[in-house]
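*Asks:* Here it is, the structure in full.
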Amino acid sequence: CAGLDVKSVATNPFNTGKLLERPEGKLVNLAQEVAWAWRELPVPVLAVTHGICYGGGLQIALGADFRFSTPDCKFSIMEAKWGLVPDMSGSVLLRELISIDLAKELTMTARVFDGAKAKEYGLISHVSETPYEDAVALAKEITTRSPDSVAATKLLFNATWDAPEARALELETEIQTKLLLPPLKNTMASASQGLGLPKAVQLNFKDRQPEWRGTLEGTPFEK
């Protein structure tokens, strides 16, 4: 993704206004939701990048839970080239991954850097010549765990990463309590595997329980 369609914005500025308008009651505007939506999904999101990943494309990738890239993929927080700032949730997504001085440097300069450097910076989770295959391998590994636990883990870390300690510890307890309440189907399935029971008597995972099918917004865990 090469980022902003400058020609479209220049010829149709009205569309830009619509993108930046925040609907009443929403946390994000339409432009921000493109990247932020990945965080609201109660499942892991894996992004694979190759070729070019500039501006908005980079922010969309940053919204994912894991990022896999080829070493020669080109990245840039490109908005400064057009006299703009990253506005697709970049201010929140960047602060969870890199230091504030590096975020300022990369944003102010619109510097282009490769996948290897992105990994060094902390913007990319894994770099290899086979990023898609690596992403699929991780996805398959995650599916061997309870879908309730996976959804709860994503919710827990997204909600507490920059939260005050008291709130983080409180939410940790609330989520664990939910996982320990009946019907416990997936918790028991995890326990049967963890205890090393014979395959014949191990329980199978079920679909996520209803409380783990939604997002943080509108759940008992909403901040």
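*Asks:* Which order do you get for H126, H50 if you rank them by accessible area with a 1.4 Å probe, largest at the top?
*Replies:* Details: H126 90, H50 130 Å².
From most exposed to least exposed: H50, H126.
*Asks:* Here's a follow-up. By per-residue mean of other Cβ atoms within 10 Å, what is the highest-first order of 80-90, 99-109? Kindly include the intermediate steps, with their values, before the conclusion.
*Replies:* On the way: 80-90: 17.6, 99-109: 14.1.
Highest-to-lowest ranking by the protection proxy: 80-90, 99-109.
*Asks:* To continue, here is another question. Using modelled backbone amide H atoms (1.01 Å from N, in-plane), which distant-in-sequence or interchain residues come within less than 5 Å of R67's amide H?
*Replies:* A47, S125, H126
*Asks:* Next up: Given axes a ≥ b ≥ c from the Cα gyration tensor, I'd like to know whether the range 105-182 is rounded (a/c under 1.5), prolate (a/b larger than b/c) or oblate.
*Replies:* Oblate is the answer for the range 105-182, as a/c is 1.5 or above yet b/c matches or exceeds a/b.
The values are calculated or read from the model by the stated rules, or taken from the named source; none is laboratory data. Given the structure is predicted, the values throughout are model-derived calculations rather than measurements. Please note: Cβ atoms are built from the backbone with ideal geometry, for glycine as well, and neighbour counts cover all protein chains shown. Quick note on the areas: whole protein, heavy atoms, side chains included, nothing else; ligands and nucleic acids left out. Shrake-Rupley method; radii C 1.70, N 1.55, O 1.52, S 1.80 Å.
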